[in-house]
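S.K.: Supplied in structure tokens, the structure appears directly below.
What follows draws every value from the coordinates through simple rules; no lab data is involved. Remember, predicted model here, so these are calculated numbers, not experimental data. For neighbour counting, all protein chains shown are included, and Cβ atoms are generated from backbone atoms with ideal geometry for every residue, glycine included.
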């Protein structure tokens with residue numbers, strides 16, 4: 001959930017480290033630090049808060065050296081204070097380590113080290129690592145090992161088996177300023193090959209401004225980076241040879257343009273996101289051509305009896321819409337699971353089951369772990385029908401998810417900086433529309449005429465989105481003023497728009513820190529209605545279709561309790577009951593979530609912006625959730 005940058009080469013490391021960390025700010029963090037090595041000296045600087053504080057410290061004190069490591073921290077163990085910021089050092093200040101992930105046995109290791117006289121200066125799990133590496137270095141040097149990159153590599157390799165949990169780490173040693181060691185287990189880490197230098201980072205934006213040639217580390221691998229090259233080893237210590245790859249696409253560097261926040265820019269980019277997806281995957285073709293062009297083999301989709309989707313947060317809300325489409329269009333029973341819960345209570349194995357993992361970053365630890373477990377528990381089954389069929393939906397094809405699953409749908413939304421997902425949610429929804437229509441086409445569960453009509457309506461989406469955003473941006477900004485003292489908000493939806501109510505509530509919680517809950521509209525009278533009074537606004541999604549009248553009736557129930565009603569609905573006499581209307585076009589109910597999500601995003605954004613909050617980097621949240 002943090003950001004790692006490391007570099008070794010011929011240029012001063014500090015400016016490169018700071019630039020790389022700036023590209024990772026979007027991931028969310030509470031402190032930052034760097035450590036550089038030169039002429040047998042290790043210089044470590046850390047600061048609480050934003051990166052500007054660390055930058056000022058570096059400018060004031062200096063940080064020399066051509067080799068260094070940097071880190072932005074999202075607190076797990078220990079408060080967001082300077083002493084808990086990375087890098088962490090050994091007792092003599094000679095070894096520095098930055099780490100993402102969680103060392104699950106850190107308490108046991110800490111107790112053992114403290115019994116040996118080690119003094120800890122932080123509350124973090126990470127601090128055990130430099131002490132353990134320093135201990136191994138001391139033992140190796142007592143055996144006659146020289147201060148070299150090979151010695152540091154061996155010390156790290158001897159330390160890693162002691163660590164339980166997930167990690168990505170980078171290590172430098174004052175005694176060897178021309179060596180950098182990196183390692184990963186169940187957390188992302190990539191090596192970048194520049195001109196005269198090697199870099200390492202936890203995400204591609206930190207590398208994209210310097211090189212597009214990358215070497216992603218595989219799970220369990222360790223690498224020694226030096227001035228002359230890279231030595232790559234697997235978990236068994238065997239030397240590996242693997243060619244580097246090229247970053248795909250051009251959208252790896254963030255640019256806010258004229259927008260006040262990245263989140264607002266990314267909301268406005270959704271018509272473009274939709275247009276790009278539709279042009280790529282719903283091409284104009286002949287009458288008998290496939291309606292959807294997805295990079296999936298027919299064998300993955302044929303004879304399906306069941307689909308299970310694993311996801312977290314916003315991705316799970318996209319999956320709930322997807323489940324509705326897969327069942328109603330393609331006729332395949334579909335269940336959506338919290339990925340964090342799936343591992344501990346998986347359903348019984350069934351034949352011909354497609355498992356879909358949804359994660360915008362491709363690095364969500366819970367989702368990756370759940371997919372890996374499902375792959376493993378199906379691998380040993382004697383009946384081929386019970387074999388693993390795994391599909392990933394992500395915005396990062398080069399991510400850990402892309403390396404884990406054999407089949408992938410890249411939503412192609414471009415880099416998203418705002419922690420609260422917007423255009424990637426749109427991309428995930430479109431991926432499910434494509435998958436559901438393709439399955440319906442293969443299974444013959446809907447007539448070709450119905451599917452053609454649905455595709456035609458999807459092709460009209462980009463223009464509708466553009467008009468809707470232009471129309472509602474100012475209206476939501478004005479409405480935001482009335483939420484100045486609001487503490488609780490209820491969101492209601494039914495059918496395919498119930499997940500949009502959940503997503504609206506999540507967005508408001510994430511960036512405005514207002515308590516909000518989403519409910520199926522029909523469930524209000526079964527308990528939550530007790531919360532309603534004049535101080536609790538109710539946002540209701542009501543679009544013409546199978547449940548339109550029901551939703552309006554549920555809204556009336558809320559109005560009778562003096563709640564202020566905000567409607568996300570088409571204009572017309574039926575929706576005059578709302579105190580405030582955020583109008584959306586009247587479309588096929590199956591298409592409507594792609595439009596009703598817009599007012600949810602804009603309202604949340606403007607409420608948070610009106611409150612003067614950090615919209616792009618809300619407190620306690622991270623863009624890429626790489627811990628379980």
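S.K.: Using a Förster distance of 45 Å, how high is the FRET efficiency between residue 164 and residue 526, based on the Cβ-Cβ distance and rounded to 0.05?
M.R.: Values: r = 44 Å, r/R0 = 0.97.
The formula returns an efficiency of 0.55 here.
S.K.: Oh, and also: Need one number: % antiparallel among DSSP beta bridges in the chain, to the nearest 5. Present the calculation step by step, with values, prior to reporting the outcome.
M.R.: Details: 63 of 99 bridges.
The answer is about 65 percent antiparallel.
S.K.: At a 10 Å Cβ-Cβ cut-off, how would you order 606, 71, 381, 526, fewest neighbours first?
M.R.: 526, 381, 606, 71
S.K.: Which angle between 0 and 90 degrees, to the nearest 10, do you get for helix 149-159 versus the longest principal axis of the chain when only C-alpha atoms count?
M.R.: That works out to roughly 60 degrees.
S.K.: What nm value, rounded to one decimal, do you get for the distance between residue 240 and residue 108 when each label is placed 7 Å out toward the C-beta?
M.R.: For the pair residue 240/residue 108, the computed spacing is 2.6 nm.
S.K.: Test of understanding: what is the full-extension gain from residue 39 to residue 352, defined as 0.36 nm times their sequence separation minus their Cα-Cα distance?
M.R.: 106.6 nm
S.K.: Provide 125, 203, 562 in ascending order of the number of other Cβ atoms located within 10 Å of each residue's Cβ, fewest first. Intermediate values should be presented prior to the final figure.
M.R.: Values: 125 24, 203 27, 562 11.
Listed from fewest to most nearby Cβ atoms, that is 562, 125, 203.
S.K.: Here is a follow-up. If I model a spin label as a point 7 Å beyond the Cα along the Cα-Cβ vector, how far apart are those points for residue 50 and residue 460 in nm?
M.R.: Roughly 4.4 nm, to one decimal.
S.K.: For an R0 of 41 angstrom, estimate the FRET efficiency from the Cβ-Cβ distance between residue 83 and residue 219 and round to the nearest 0.05.
M.R.: Computed FRET efficiency for residue 83 and residue 219 comes out at 0.85.
S.K.: What 222 nm value per residue comes from the helices of the chain, counting each DSSP H run with n ≥ 4 as -39,500 (n - 2.57) and dividing by all residues, nearest 500 deg cm²/dmol? Display every interim value, and only then the final one.
M.R.: Values: 19 runs with 223 residues, N = 628.
Computed ellipticity for the chain at 222 nm equals -11000 deg cm²/dmol.
S.K.: Which of the peptides 294-302, 409-417, 463-471, 104-112 is most tightly packed, and how do the rest follow, judged by the mean count of other Cβ atoms within 10 Å per residue?
M.R.: Details: 294-302: 13.2, 409-417: 22.8, 463-471: 17.0, 104-112: 15.0.
Sorting 294-302, 409-417, 463-471, 104-112 by mean packing, highest first, produces 409-417, 463-471, 104-112, 294-302.
S.K.: Moving to a separate point now. Distance between Cα centroids, segment 101-147 to segment 475-490: provide it in whole Å.
M.R.: If you average the Cα positions of each part, the centres end up 51 Å apart.
S.K.: Could you tell me how many degrees, from 0 to 90 and to the nearest 10, lie between the Cα long axis of helix 106-115 and the main elongation axis, the longest principal axis, of the Cα atoms of the chain?
M.R.: 20
S.K.: What length, rounded to one decimal in nm, is gained on full extension from residue 574 through to residue 195, with 0.36 nm per residue of separation minus their alpha-carbon distance?
M.R.: On the way: separation 379, 0.36 × 379 = 136.44 nm, distance 6.48 nm.
Contour length minus Cα-Cα distance gives 130.0 nm.
S.K.: Among 477-487, 83-93, how do they line up by average Cβ neighbours within 10 Å per residue, starting with the highest?
M.R.: Working: 477-487: 14.1, 83-93: 21.7.
So the peptides 477-487, 83-93, ranked by packing, come out 83-93, 477-487.
S.K.: Still on this model: Compute the FRET efficiency between residue 561 and residue 611 as 1/(1 + (r/R0)^6), taking r as their Cβ-Cβ distance and R0 = 35 Å, and round to the nearest 0.05.
M.R.: Values: r = 26 Å, r/R0 = 0.75.
With R0 = 35 Å, the Cβ-Cβ based efficiency is 0.85.
S.K.: How much length, in nm to one decimal, is gained on full extension between residue 335 and residue 513, taken as 0.36 nm per residue of separation minus their Cα-Cα distance? The partial results should precede the final answer.
M.R.: Numbers: separation 178, 0.36 × 178 = 64.08 nm, distance 3.02 nm.
Answer, rounded to one decimal: 61.1 nm.
S.K.: Between helix 548-559 and the chain, what is the angle of the helix's C-alpha long axis to the longest principal axis, kept within 0 to 90° and rounded to the nearest 10?
M.R.: Once rounded, the angle reads 80 degrees.
S.K.: Okay, next question. Mind giving me the nanometre distance, one decimal, between the label points for residue 92 and residue 303, set 7 Å out from Cα along Cα→Cβ?
M.R.: If labels sit at residue 92 and residue 303, their model points lie 6.4 nm apart.
S.K.: While we're looking at this one, here's another question. Within 10 Å, count the other beta carbons around each residue, average over each peptide in 507-516, 4-13, and list them highest first.
M.R.: Numbers: 507-516: 22.1, 4-13: 23.7.
Top of the packing list down: 4-13, 507-516.
S.K.: Continuing with this model, one more query. How do 265, 256, 423 line up, fewest other C-beta atoms within 10 Å first?
M.R.: Placing the least packed residue first, the sequence is 256, 265, 423.
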